[in-house]
1. Restricting the first residue to region 203-222 and requiring it to be acidic (Asp, Glu), which pairs with a second residue that is buried (at least 16 other Cβ atoms within 10 Å of the Cβ) and modelled with pLDDT under 95 meet a Cβ separation below 6 Å and a spacing of at least six or different chains?
2. Within region 194-212, can one find any residue that is at pLDDT below 85 and either in a loop (DSSP other than H, G, I, E, B) or under 20 Å from residue 172 (Cβ atoms) (or both)?
3. Which pairs have Cβ atoms under 7 Å, sit 6 or more apart or on different chains, and link a residue in region 47-67 that is surrounded by 15 or more Cβ atoms within 10 Å (Cβ to Cβ) to one that is hydroxyl-bearing (Ser, Thr, Tyr)?
4. Return the residue satisfying two criteria in turn: it lies in region 162-177 and is out of contact with any Leu (no Cβ under 7 Å at 6 or more places or on another chain) and surrounded by 15 or more Cβ atoms within 10 Å (Cβ to Cβ), and of such residues it is modelled with the highest pLDDT.
5. Looking at (1) among the acidic types (Asp, Glu); (2) at pLDDT below 90; (3) under 16 Å from the mean Cα position of the chain (by Cα), can you tell me which one residue 134 breaks?
6. Inspect all residues belonging to region 285-299 and state whether any of them is among the aliphatic types (A, V, I, L, M) and modelled with pLDDT of 85 or more.
7. So which residues in region 140-154 are among the hydrophobic types (A, V, I, L, M, F, W, C) and at pLDDT 90 or above, if there are any at all?
Amino acid sequence: MGFRDFCLLSAVCLVWGLNLIVTRWVVADAGVPPIFFAGVRFLGVAACLLPFLRPVPSNLRMTFAIAMCIGAAHFTFLFVGLANAEASSVAIVGQLGVPLSTLMSMAFLGEIVGWRRGLGIMLAFAGSLLIAFDPEGMNLSLGLVYVAISALLGAAGGILMKQMEPVSAFRLQAWVGLFSFAPLFALSALMEEGQVNALIDGGIWAWLATLFAVLGVSIFGHGAFYTLIKRHPISLISPLTLMTPIWGVVFGITLLGEALTLQLVVGSAISLGGVLVIVLRPNRVLPEAALGKKLGDPS
């Protein structure tokens, strides 16, 4: 990989890591209801990528199912999790998508996993459990449980994507956005209140955060990442994407004032070490399992 492509990938990972902090601020500090904010974001993605809706996918039912997994359902749990857990912890626990994708490729696609990846999977889960465990209350952080569920849904979406015809990242994102915003708004109407006023009260920063999520993360981030995937093998790119959770932890501590605890440091080292073992051992039937982000995932 050349220096320019490495800098581009680093910028993408930085944007993805910063996005967790921006979203955490919107749904926790600014008080914008998380499901509503997810709906606003997907509406923006659908509007920006409207030209990519053509041609219509041949299997709209499969596309809808994928949109629910990596779109509406995934973001419901992720954003509710971010509203109830620190962004630095979410950055690490969110990487459970890698071992979960590997486990699902074993169950549904016949992937064979050796002892090294098996050890990596156990380490990834053990580190995440350590981060999520509250020793004072002797229970798990509910917010991080939501994040783990969102990772499971994203992994399921990756398995479904394997069953459909190949599509470009922007085309898939356009349909995910189109299918996701209405269910999210409907769910928000049932479960949340004061949505519009909260977004207005958030001021210019809340609107800038929305623009950043749509244009910076979905358009630039995934567009650039898809370009890099076409230029370089996944086995080269996937270990480097671990810069994303590292940036998430760094930004969470420096920008949001989150505490750097021994529990977070040790848990992060164990979990990311396990993820690294997994991504360094190629997946035969689902190479994308090594990526913390799926190509069509607008996060």
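The values are calculated or read from the model by the stated rules, or taken from the named source; none is laboratory data. Note that the coordinates shown come from a computational prediction; the quantities given were computed from them, not determined experimentally. Neighbour counts are summed over all protein chains in view; Cβ atoms, including those assigned to glycine, are modelled from backbone coordinates with ideal geometry.
1. Taking only residues 6 or more apart or on different chains, not a single pair turns up.
2. Keep residues of region 194-212 that are at pLDDT below 85, which gives none.
No, region 194-212 contains no residue that is at pLDDT below 85 and either in a loop (DSSP other than H, G, I, E, B) or under 20 Å from residue 172 (Cβ atoms) (or both).
3. 57/63; 67/180
4. Step by step, filter region 162-177, then rank; the result is 176.
5. (3)
6. At the first step, the residues of region 285-299 found to be among the aliphatic types (A, V, I, L, M) are 285-286, 289-291, 295.
Among the residues that remain, those that are also modelled with pLDDT of 85 or more are: none.
Looking through region 285-299, none of the residues is among the aliphatic types (A, V, I, L, M) and modelled with pLDDT of 85 or more.
7. Hits for region 140-154 are 144, 145, 147, 148, 149, 151, 152, 153.
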